[in-house]
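The values are calculated or read from the model by the stated rules, or taken from the named source; none is laboratory data. Since the model is a prediction, treat every value here as computed from it, not as a measurement. Glycine also receives a Cβ, built like all others from the backbone with ideal geometry; neighbour counts cover every protein chain displayed. Areas reflect the complete protein model, heavy atoms only, side chains present, ligands, DNA and RNA absent. Shrake-Rupley method; radii C 1.70, N 1.55, O 1.52, S 1.80 Å.
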Amino acid sequence: MSFAQKHILGIDHLSREEIIQILDTADSFKEINTRAIKKVPTLRGKTIVNLFFEASTRTRTSFEIAGKRLSADTINISASSSSVVKGETLEDTARNIEAMHPDIIVMRHGASGAPHYLADRLDCSIINAGDGAHEHPSQALLDAFTIREKLGRIEGLNVAIIGDLTHSRVVRSNLYLLNKLGAKVRLAGPGTMIPPGIEKLGATVYHDINQAIEGADVVMMLRIQLERQGKTLLPTLREYSRFYGLNPNNLKLAQENALVMHPGPMNRGVEISSSVADGPQNVILDQVENGVAVRMALLYLVSGGEETEG
Ligand code: CP
């Protein structure tokens with residue numbers, strides 16, 4: 001089946017069928033990552049530029065590894081070491097990169113909509129690696145891949161997403177995706193970190209995290225994004241941890257085999273205790289591992305890949 005999307009700008013514009021196609025393609029690629037020789041020729045001759053205007057450990061490394069495992073040439077550009085520091089605009093930067101004929105630009109930017117802006121102006125494919133507080137589609141896809149892999153399905157599951165919802169692009173992408181795949185989403189966090197009207201995206205909102213965790217199949221914790229908070233939205237980190245942190249006691253309210261997820265980076269001892277982050281229910285490093293397979297699938301599909309292959 002051919003993939004209709006040239007860009008991956010968000011989950012919002014993907015259909016349920018396209019999401020499943022991405023997950024199934026990632027499934028077929030995952031095994032490559034455990035081979036002795038972790039390379040296939042699928043994207044030989046393609047050039048991928050990772051253009052990151054914000055810090056990243058997981059996403060940038062994962063896209064780079066994904067490209068290399070598919071034999072593409074991958075180049076990393078970070079804003080701090082580019083001519084952006086000399087005042088070059090986003091559009092000029094992108095047009096100059098495009099003049100070197102990349103096939104795909106993977107982009108992270110602090111402004112919501114920045115990848116859409118480039119997609120309207122450039123000819124190459126654009127993959128959004130996180131734009132402001134808007135979307136982080138590859139994160140939601142690797143989260144879904146991990147849930148499906150561990151629990152065998154997504155439809156009908158109760159997924160609790162807890163933390164700083166206002167500044168989280170992960171929560172928005174997950175809301176779109178989980179609703180399209182038939183999960184029931186519960187959101188919880190302090191009132192100051194819950195954007196008004198977010199329940200309209202398809203979720204039940206709680207202020208008491210115990211209610212959100214009760215009976216949940218998946219508990220996904222979000223980082224407090226202190227760097228994006230213009231003003232103090234919480235009294236102290238200790239108080240936040242007491243009322244909104246996941247610990248062994250409140251985790252007992254969830255299903256016995258509930259998954260504990262976190263997109264990273266974690267604030268240990270704030271939104272999640274170390275004993276839970278490292279405990280038997282955590283799948284946090286599985287998320288990271290699966291991120292490579294999911295990003296291989298995205299690079300492959302936007303490059304015109306038609307069938308899943310291993
Ligand atoms: N989850 C995530 O986006 O992590 P990085 O910021 O390290 O890429």
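Observations on the model:
- Rounded to 5, the percent of DSSP beta bridges in region 115-252 classed as antiparallel: 10 percent
- For region 41-163, a simple Cβ point-charge model (Lys and Arg +1, Asp and Glu -1, everything else neutral) yields a dipole of about 500 debye relative to the Cα centre.
- Pairs of C-alpha atoms in region 101-185 farther apart than 16 Å represent 57 percent of all such pairs.
- Dipole moment magnitude, nearest 20 debye, the chain about Cα centre, only Lys, Arg, Asp, Glu C-beta charged: 520 debye
- Set of lysines near Lys46 by C-alpha distance (under 22 Å), chain-local residues within fewer than 8 positions excluded: Lys6, Lys30, Lys38, Lys68
- Residue (of Pro190, Leu43, Val170) at the positive-pole extreme of the chain, dipole from beta-carbon charges: Pro190
- Estimated translational D of the chain in µm²/s (Stokes, Kirkwood radius over Cα pairs; 4 °C; 1.567 mPa s): 66 µm²/s
- Taking every Cα-Cα distance in region 1-89 and sorting them into 10 Å bins from zero, the calculated P(r) comes out as 14, 35, 37, 12, 2 percent.
- These residues, Lys150, Lys252, go from largest to smallest accessible area, 1.4 Å probe, as Lys252, Lys150.
- Residue-wise HN-Hα couplings along region 123-138, as the Karplus relation 6.51 cos²θ - 1.76 cosθ + 1.60 with θ = phi - 60° gives them from phi, are 8, 7, 6, 10, 10, 7, 9, x, 10, x, 9, 8, 9, 9, x, 5 Hz; Gly and Pro carry x.
- Dividing the convex hull volume of the alpha-carbon atoms in region 57-124 by its residue count gives 98 Å³ per residue.
- Choice from Leu222, Leu201, Leu299 showing the highest fluctuation, given a GNM over the chain with Cα pairs closer than 10 Å: Leu201
- Centroid-to-centroid separation of region 261-303 and region 77-105 [C-alpha atoms, Å]: 29 Å
- For region 83-169, with +1 on Lys and Arg beta carbons and -1 on Asp and Glu, the positive-most of Gly152, Val106, Val84 along the dipole: Gly152
- Pairs of Cα atoms farther than 12 Å apart, region 260-304, %: 65 percent
- For region 42-194, diffusion coefficient by Stokes-Einstein and Kirkwood Rh (Cα), 37 °C, 0.692 mPa s, µm²/s: 195 µm²/s
- Taking every DSSP bridge with both residues inside region 55-202, close to 10 percent are antiparallel.
- Within the chain, DSSP assigns beta bridges of which about 5% are antiparallel (rounded to the nearest 5).
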